[in-house]
Amino acid sequence: MIAASVMDYRAGAKERLPAMFFNYLDGGSYQEITLKRNVADFAEIALKQRVMKDVSKVEMGVKLFGQSYSMPVGLGPVGFSGMYRRRGEVQAARAAHAAKVPVALSTLSICSVEEVTQKSGAPIWYQFYMLKDRGFMSALLERVAEQKCPVLLFTVDLAVLGARYRDVHSGMSGPPGLRTEISRAWQGVTHPAWLWDVYLTGRPHAFGNIAGAVREGKGFGAFSKWVQENNDASITWKDLEWLRARFKGPIVIKGVLDPDDAKEAVALGADGVVVSNHGGRQLDGALSGIKALPAVADAIGGRIPVLMDGGVRSGLDVLRALALGAQACLLGRAWAYALAADGGRGVRSALEIIRRELHTALALTGCTDVKQAGRDLLA
Ligand SMILES: Cc1cc2nc3c(=O)[nH]c(=O)nc-3n(C[C@H](O)[C@H](O)[C@H](O)COP(=O)(O)O)c2cc1C
């Protein structure tokens, strides 16, 4: 398909995916207020147009946690990606490696950390949720270390699960029973391209990282119940110590929106934070990522890198986030729509679109290096 902007892939994803997977990917929690704010608040930020600067060369490379990347953009963790395309996490990781940007694998991915690392041919960041079974978590961290994951994203904004109304209506987490089963089957057979690519030839569909811990249960409803029961809602900042003893690389706290939490993260030795509200899927009514970013960046005061996500849909959004204090942005839906619509090729193209847009935005604001992006770029 031809995409001019990454949002063109949303339509392709909608067409290709059964409604329950499209709505799972596209939707947010409760009334989806935060989901909408994440995008709308970016649009409010005006950039300062500057002219007559020599912008024939624009440097976009960055260093993050000791690694060099071609631009300040990465693929954030998106669960279930292997249900959008055949072995979707592998396709996305290959695209990220080709573009020389980081990619984080969700704990709730279909492909395991071993499969993605080995088939994509390079190490990946790993996103970690804390489940109650610490023995299992320790063993999982050993697997992550064995695959030489350079960075651990520790997601902390999912102590309990926000309710997603769309998932109830679509059959994703609807009440078990014949009606839901028929709805799911109908959605499958009416999307034959997906049915062939994912359902029939994209197996196994287990959660590769936690398959050993998940009790067999039917469908996503059973799985989300399992998450509620097994997720460790008792974790506090003290648990960073536990994690630190088991993961030797940089630990980045994902899901910080409040400056006091950011200060706590620094005080307890975190190596970075991701300003994030989980893509508007958790606390509906929370601030957008981009609105929360400046206060968090100020609280951190340059001591550790600040990344952000939530509503990043273009390279111009990336520049807005850099101007407000982020060192890099993570994409969520932007890359997952592209994966669903056009596989690894879609993700490669989405990254190139973002790269071109960021280059243009830098040049037209008079910057010759991403590192120059600061609040003076804002009009
Ligand atoms: C379908 C979907 C699944 C997600 N799964 C995870 C996950 O497993 N772990 C995690 O830390 N964040 C997860 N996220 C949140 C993303 O990492 C990111 O914070 C969010 O998507 C950013 O918002 P945006 O997609 O609107 O840009 C998920 C988001 C979506 C849309």
Give, rounded to the nearest 20 debye, the magnitude of the charge dipole that the stretch 98-185 has about its Cα centre when Lys and Arg contribute +1 at Cβ and Asp and Glu contribute -1 at Cβ.
200 debye
Taking Cα atoms only, helix 219-230 is inclined relative to the longest principal axis of the chain by an angle, in degrees rounded to 10, of 70 degrees
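State to the nearest 20 debye the size of the charge dipole of the chain about its Cα centre, where the only charges are +1 on K and R beta carbons and -1 on D and E beta carbons. Intermediate results must be reported in sequence, preceding the final value.
On the way: 46 positive and 37 negative charges, 139 e Å.
Roughly 660 debye, rounded to the nearest 20.
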Of the candidates VAL101, LEU331, GLY269, the farthest towards the positive dipole end of the chain (Lys/Arg Cβ +1, Asp/Glu Cβ -1, centred on the Cα centre) is VAL101
Can you pick out the pairs among LYS263/LYS291; LYS14/LYS63; LYS57/LYS119; LYS36/LYS238; LYS36/LYS63 whose Cα atoms lie more than 25 Å from each other?
LYS14/LYS63; LYS57/LYS119; LYS36/LYS238; LYS36/LYS63
Once the dipole of the chain is set up with Lys and Arg at +1 and Asp and Glu at -1 on Cβ about the Cα centre, which of ALA193, PRO294, ALA361 lies farthest towards its positive end?
ALA193
If you take the square roots of the eigenvalues of the alpha-carbon gyration tensor of the stretch 201-342 and sort them as a ≥ b ≥ c, do you get rounded (a/c under 1.5), prolate (a/b over b/c) or oblate?
oblate
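Taking the Cα centre of the stretch 9-60 as origin, sum charge times position over the Cβ atoms of Lys and Arg (+1) and Asp and Glu (-1), and report the length of that vector in debye to the nearest 20.
Values: 9 positive and 7 negative charges, 36 e Å.
Taking the Cα centre of the stretch 9-60 as origin, the dipole is about 180 debye.
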Distance in nm between label sites at ARG203 and GLN67, each 7 Å beyond Cα in the beta-carbon direction?
3.3 nm
Going fewest to most other Cβ atoms within 10 Å around each Cβ, LEU240, LEU161 line up as LEU161, LEU240
Which shape class, rounded, prolate or oblate, goes with the stretch 119-187 when its Cα gyration tensor gives a ≥ b ≥ c as root eigenvalues, a/c under 1.5 marks rounded, and past that a/b bigger than b/c marks prolate?
prolate
Nearest 5 percent is fine: what portion of the DSSP beta bridges confined to the chain is antiparallel?
15 percent
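Taking only DSSP H segments of four or more residues, each worth -39500 (n - 2.57), what value at 222 nm results for the chain once the sum is divided by all its residues, to the nearest 500 deg cm²/dmol? Please report the intermediate quantities before stating the final value.
Values: 14 runs with 159 residues, N = 379.
So the calculated ellipticity at 222 nm is -13000 deg cm²/dmol.
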Which order do LEU316, LEU17 fall in if you start with the one that has the fewest other Cβ atoms within 10 Å?
LEU316, LEU17
Counting other Cβ atoms within 10 Å, which chymotrypsin sites (Phe, Trp or Tyr not before Pro) in the stretch 222-306 have at most 16 and lie in a DSSP loop?
TRP237
Out of GLY344, LEU17, VAL73, whose Cα points farthest toward the positive end of the dipole of the chain (charges: +1 Lys, Arg; -1 Asp, Glu; placed on Cβ)?
GLY344
Calculated SAXS-style log₁₀ I(q)/I(0) at q = 0.13, 0.16, 0.19 Å⁻¹ - the stretch 1-132, Debye, Cα scatterers
-0.76, -1.08, -1.32
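Can you tell me how much longer the chain between ARG50 and ASP133 gets when fully stretched, taken as 0.36 nm per residue apart minus their C-alpha distance, in nm with one decimal?
Working: separation 83, 0.36 × 83 = 29.88 nm, distance 5.48 nm.
Length difference between fully extended and current span is 24.4 nm.
Quick note: the coordinates plus some simple rules give every number you see, no bench work behind them. Just so it is clear, the structure is predicted and the values come from calculations on it, not from any experiment. Here the Cβ is made from the backbone with ideal geometry for all residues, glycine too, and neighbour counts use every protein chain on show.
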